[in-house]
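Read through the structure below, which is laid out as structure tokens, and then see the notes.
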Amino acid sequence: MLLLPSIRPLSEKDIDTVFDRVGGRRAHPDADRRTLRGSDYIIGKSIIELKLLEDERFEKTEAQAKLAELFGNLKGDRPVVVIDPELLTPSQRREYDTIIRAPIKAAVRSARVQLRQTRNEIDPSLSNVLFIINNGFTTLAHDDLVEQAVGRARNDTREIDAVVIAGCYLHGDGFDAFALWPIDCITINNDRPFREFEDLKRSWNILAENHMTEFVCGDHGRFAGKEAQTDVVFNWEGRTYVKPAIPIGGTSKFFGGRRPRRNHIGFDQVKHTALTIPRLSTVEHRRVRSALQGEPLLESLETWNQHIDKAMLISKAEMPVVPVDVTRGSWEAWKRKNPGLIGLDSLRAHANSVFAARASRIIHSSIEILPSMKLPKRYILAVIELICQDESNDISHIGVFADGTEKVLLANARMGHYTTLSLAAAYALQLGLSKVF
């Protein structure tokens with residue numbers, strides 16, 4: 001299991017220290033006794049209204065319903081849908097932005113009223129500044145948050161003269177961990193600039209340094225409440241939707257170019273990928289029948305082959321039935337090492353063992369297909385789509401290529417890399433092939 005680092009979210013006390021350091025003060029020390037809502041701080045000639053984005057928007061049921069409706073029709077019957085705004089048309093993108101910016105819009109609307117109230121009470125010449133800190137909505141990239149917040153401030157109100165956007169974005173892969181602490185100021189009204197921003201920025205950077213020192217020293221605890229960014233995954237009406245985490249990028253000092261992915265299914269819970277049944281030649285049928293006298297299914301080779309044909313009727317795309325050629329000699333050798341089973345049960349278990357060995361060889365000899373590669377006339381192709389950070393959300397497809405024709409054996413299956421290779425090997429053995437790409 002991949003253990004990700006966890007950092008303590010920012011508190012109101014943390015923010016107070018940022019303003020105290022630059023000579024700021026509470027705009028309304030009696031705020032808890034006031035009827036009218038005012039702003040939070042005053043620095044120099046600027047009023048500051050603070051808004052903390054605490055919640056992950058993609059985890060809200062209301063947003064999930066709208067996102068599922070918006071993205072669900074884009075990918076047909078795929079079991080896992082990636083929430084990727086780049087796939088949307090311009091009109092759909094506007095709808096997506098409307099869904100995502102709901103908490104930002106609410107923050108701007110509230111700040112407008114509070115800033116106006118404080119400016120009217122204290123000094124109409126002061127600059128009004130909305131200060132948004134992303135404390136929990138971390139699947140929204142900082143640049144996107146800036147764009148959304150500034151757009152709302154410009155479109156929804158004339159009361160906001162500048163917007164400051166800051167946040168703490170923690171990234172980690174189970175070994176490496178780092179945090180980004182951006183802070184930006186965008187002027188809305190050039191006549192009322194936020195002249196104290198550089199002071200605020202320096203104080204913010206001191207907070208970041210102190211907070212990260214506590215984090216590195218372990219003062220935040222193992223379960224501090226705010227994990228390194230991960231995909232947001234939710235299920236809606238039988239399908240899984242994934243909002244990818246912001247990529248870490250770069251090369252890991254420990255893992256190299258390929259950072260690890262999570263696997264919520266676990267390797268100990270990989271599904272069975274095939275059902276096996278012994279297949280006998282004319283000679284081997286006669287030899288096996290003599291060792292299992294009185295077994296009705298072995299009365300004749302025709303009877304046994306009818307048994308195989310009946311078994312093939314239950315073969316499914318994700319669980320094919322695979323006839324396995326066995327001999328009495330190999331069976332007898334296997335029985336000496338596995339004396340616990342008798343009769344047909346022993347023969348069936350031996351066939352399963354033979355299948356496992358042959359499938360393992362095919363799996364370990366499988367190679368990644370390359371455009372310049374010369375391919376054989378007949379082979380199995382397994383395609384695994386890696387869906388973000390968690391292997392349990394991957395989608396796989398399997399096809400057989402034979403003499404210039406292609407046949408799809410499995411499509412849009414929610415299946416990871418190793419399970420897909422195992423299933424591809426089962427198909428290869430079922431169809432008498434030896435190569436999986």
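Read-outs: derived from the displayed coordinates by stated rules, not from any lab. The structure presented is a predicted model; accordingly, all values stated were derived computationally and were not measured. Note: ideal-geometry Cβ built from the backbone for every residue, glycine included; neighbour counts use all protein chains shown.
Under a 10 Å cutoff between Cα atoms, tell me which one of Val164, Val129, Val283 has the largest fluctuation in the Gaussian network model of the chain.
Val283
Please go through the range 366-437 and write out the GluC sites (Glu not before Pro) that DSSP classes as loop and that have at most 13 other C-beta atoms within 10 Å.
Sparse-neighbourhood loop GluC sites (Glu not before Pro): Glu368.
Could you give the length gained on full extension between Ser11 and Leu341, defined as 0.36 nm per residue of separation minus the Cα-Cα distance, in nm?
This chain segment gains 112.3 nm when fully extended.
What size of dipole, in debye to the nearest 20, comes out for the chain about its Cα centre when the only charges are +1 on Lys and Arg C-beta atoms and -1 on Asp and Glu C-beta atoms? Numbers along the way, then the final one.
Values: 59 positive and 57 negative charges, 252 e Å.
That gives the chain a dipole magnitude of about 1220 debye.
What FRET efficiency would be calculated for the residue pair Ala402, Phe178, taking the C-beta separation as r and a Förster radius of 56 Å, to the nearest 0.05?
0.65
For the chain, give the share of DSSP beta bridges that are antiparallel, in percent and rounded to the nearest 5; count only bridges with both residues there.
Rounded to the nearest five, the antiparallel share is 60 percent.
What is the sum of charges, Lys and Arg at +1 and Asp and Glu at -1, for the other residues whose Cβ falls under 10 Å from the Cβ of Ile395? Each step should come with its number before you reach the end.
Values: positive: Lys75, Arg78, Arg414; negative: Glu385, Asp394.
Around Ile395, the surrounding residues sum to +1.
Ranked by Cβ crowding within 10 angstrom, fewest neighbours first, how are Asp55, Asp309 ordered?
Fewest-to-most ranking of Asp55, Asp309: Asp309, Asp55.
Computed FRET efficiency, Cβ-Cβ of Leu36 and Asp84, R0 56 Å: what is it to the nearest 0.05?
0.80
Select from the range 139-188 those trypsin sites (Lys or Arg not before Pro) which occupy a DSSP coil region and have at most 15 other Cβ atoms within 10 Å, ordered by residue number.
Arg158
Excluding Ala311 itself, calculate the net charge of residues whose Cβ lies under 14 Å from the Cβ of Ala311, where each Lys or Arg counts +1 and each Asp or Glu counts -1.
That sum, taken over residues with Cβ under 14 Å, equals +3.
Around Ile186, with a cut-off of 10 angstrom between Cβ atoms, what is the net charge of the other residues, counting Lys and Arg +1 and Asp and Glu -1? Before the final figure, lay out the partial values.
On the way: positive: Arg154; negative: Glu147, Asp184.
Taking every Cβ under 10 Å from that of Ile186, the sum is -1.
Considering only Cys185, Cys217, Cys388, give the residue with the highest GNM mean-square fluctuation for the chain, with springs between Cα atoms whenever their separation is below 10 Å.
Taking springs between Cα atoms under 10 Å, the residue moving most is Cys217.
How big is the chain in terms of Cα radius of gyration and Dmax, in angstroms?
Rg then Dmax for the chain, in Å: 31.6, 105.
From the Cα gyration tensor of the range 6-232, with a ≥ b ≥ c the square roots of its eigenvalues, which class applies: rounded if a/c is under 1.5, or else prolate if a/b is larger than b/c, or else oblate?
Since a/c reaches 1.5 but b/c is at least a/b, the shape of the range 6-232 is classed as oblate.
For the range 6-232: lysine pairs with Cα atoms under 19 Å, gap of 8 or more or different chains, count?
12
Taking the range 354-437, which trypsin sites (Lys or Arg not before Pro) meet the DSSP loop condition and have no more than 10 other C-beta atoms within 10 Å?
Filter output for the range 354-437: Lys374, Lys377.
Top mean-square fluctuation among Lys271, Lys337, Lys310, Gaussian network model of the chain, C-alpha springs under 10 Å?
The residue with the greatest mean-square fluctuation here is Lys337.
Return a whole-number percent for the relative contact order of the range 6-232, with Cα pairs under 8 Å and 6 or more residues apart as the contact set.
The value is 28 percent.
Give me the percent relative contact order of the chain, please, defined on Cα pairs under 8 angstrom at least 6 residues apart. Write down the numbers at each step before the final one.
Working: 708 pairs, mean separation 67.9, N = 437.
In percent, rounded to a whole number, it is 16.
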